[in-house]
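Data block below; observations after.
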Amino acid sequence: MPSQRPTYKSPLEGYENAPPPPTERAEDGKSLLNIQTGVLSSAYEKFPEPLDNGRRGAFDVHIYHLPNHPAQAQYAAELHSRIRREFPELRIYTFWSKPVGPHPIAMFEVNIFTPAQFGAFVGWLAVWRGPLSVLIHPNTTEKTIEEGGEMSEAEKEARNHTERAIWMGERVVLNTDLFWEVMDH
């Protein structure tokens, strides 16, 4: 389990001396007026650190199904096939009919490499996931204790799969103890 309470950098890092944003409402009367600079965030082109912009990919998407629920298993198999056809540029893994790793039920995995892929695929999946639960978790590049950092590889993976996770549908409880059993031995 984590050896220390996580710490967080201020989200305002780099904006400490910026004036406060305006409090006026935008034309729609609901949203707030934002100062337009004419420059888009670099996050449109590259994921922010410590997300992995390399070979591993910045996000893993795990799409779960109950193998003993025939209609759900069939939907998941059809969705897997559709994703392979519609998003061939993504890395798409084996369709599992049993638990694998920390995932307590059957699933398949898709890797996302760019912000554009994230926007396209996650938006598409919001419409097409049907009855299935989806875990979207980041892959991060923080240095581990072995590399001179502050957390073990197991802590990093557990944090990515839980605290930093995004869920669609029902949350599936993961067996994060496996991270320590596998990575710390």
Here, Thr141 and Arg164, labelled 7 Å along Cα→Cβ, have an inter-label distance in nm of 1.2 nm
For Val127 and Glu13, extending 7 Å from Cα along the Cα-Cβ vector and measuring point to point gives, in nm, a value of 3.7 nm
Given (i) 18.9; (ii) 17.2; (iii) 18.1 as possible values of Kirkwood radius over Cα pairs in Å, the one from the coordinates is (i)
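How many Lys pairs in the chain lie less than 24 angstrom apart by Cα atoms, where the lysines are 8 or more positions apart or on different chains?
Working: Lys9/Lys46; Lys9/Lys143; Lys9/Lys156; Lys46/Lys143; Lys46/Lys156; Lys143/Lys156.
Lysine pair count for the chain: 6.
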GNM on the chain, Cα springs under 10 Å; top mean-square fluctuation among Glu24, Glu146, Glu157 goes to Glu24
Subtracting the Cα-Cα distance of Glu86 and Trp180 from 0.36 nm times their residue separation yields 30.2 nm
When the chain is treated as a Gaussian network with springs between alpha carbons less than 10 Å apart, the largest mean-square fluctuation among Ser42, Ser81, Ser152 is found at Ser42
With +1 at each Lys and Arg Cβ and -1 at each Asp and Glu Cβ, the charge dipole magnitude of the chain around its Cα centre, to the nearest 20 debye, comes out at 620 debye
Farthest towards the positive end of the dipole of segment 40-185, among His137, Asn111, Thr162 and with Cβ unit charges of +1 on Lys and Arg and -1 on Asp and Glu, lies the Cα of Asn111
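Percent of accessible area on the chain owned by carbon and sulfur, 1.4 Å probe? The partial results should precede the final answer.
Numbers: 6660 of 11980 Å².
Solvent-exposed carbon and sulfur of the chain make up 56 percent of the total.
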Expressed per residue, the solvent accessible area of the chain in Å² (1.4 Å probe) is about 65 Å²
Ranking Arg85, Arg25, Arg5, Arg129 from most to least accessible area with a 1.4 Å probe gives Arg5, Arg85, Arg25, Arg129
Scoring the chain by relative contact order with C-alpha pairs under 8 Å, at least six apart, yields a percentage of 23 percent
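Could you calculate the contour length gain from Glu150 to Asp28, that is, 0.36 nm times the residue separation minus the distance between their Cα atoms, to one decimal place in nm? Walk me through the numbers before you get to the answer.
Details: separation 122, 0.36 × 122 = 43.92 nm, distance 4.58 nm.
39.3 nm is the gain from fully extending Glu150 to Asp28.
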Residue by residue through segment 42-49, the couplings from Karplus 6.51 cos²θ - 1.76 cosθ + 1.60 with θ = phi - 60°, in Hz, x for Gly and Pro, are 5, 5, 6, 9, 8, 5, x, 5
GNM of the chain, Cα pairs under 10 angstrom: of Gly101, Gly14, Gly38, the biggest fluctuation goes to Gly14
Charge dipole of the chain built from unit charges on the beta carbon (Lys, Arg +1; Asp, Glu -1), centred at mean Cα; most positive-end Cα among Phe179, Gly57, Pro20 is Gly57
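The values are calculated or read from the model by the stated rules, or taken from the named source; none is laboratory data. Since the structure is predicted, the reported quantities are computational estimates derived from the model, not experimental observations. Note that each Cβ is placed from the backbone with ideal geometry, even for glycine, and that neighbours are counted across all protein chains shown. The accessibility values were calculated without ligands, DNA or RNA, using every heavy atom of the protein model including side chains. Shrake-Rupley method; radii C 1.70, N 1.55, O 1.52, S 1.80 Å.
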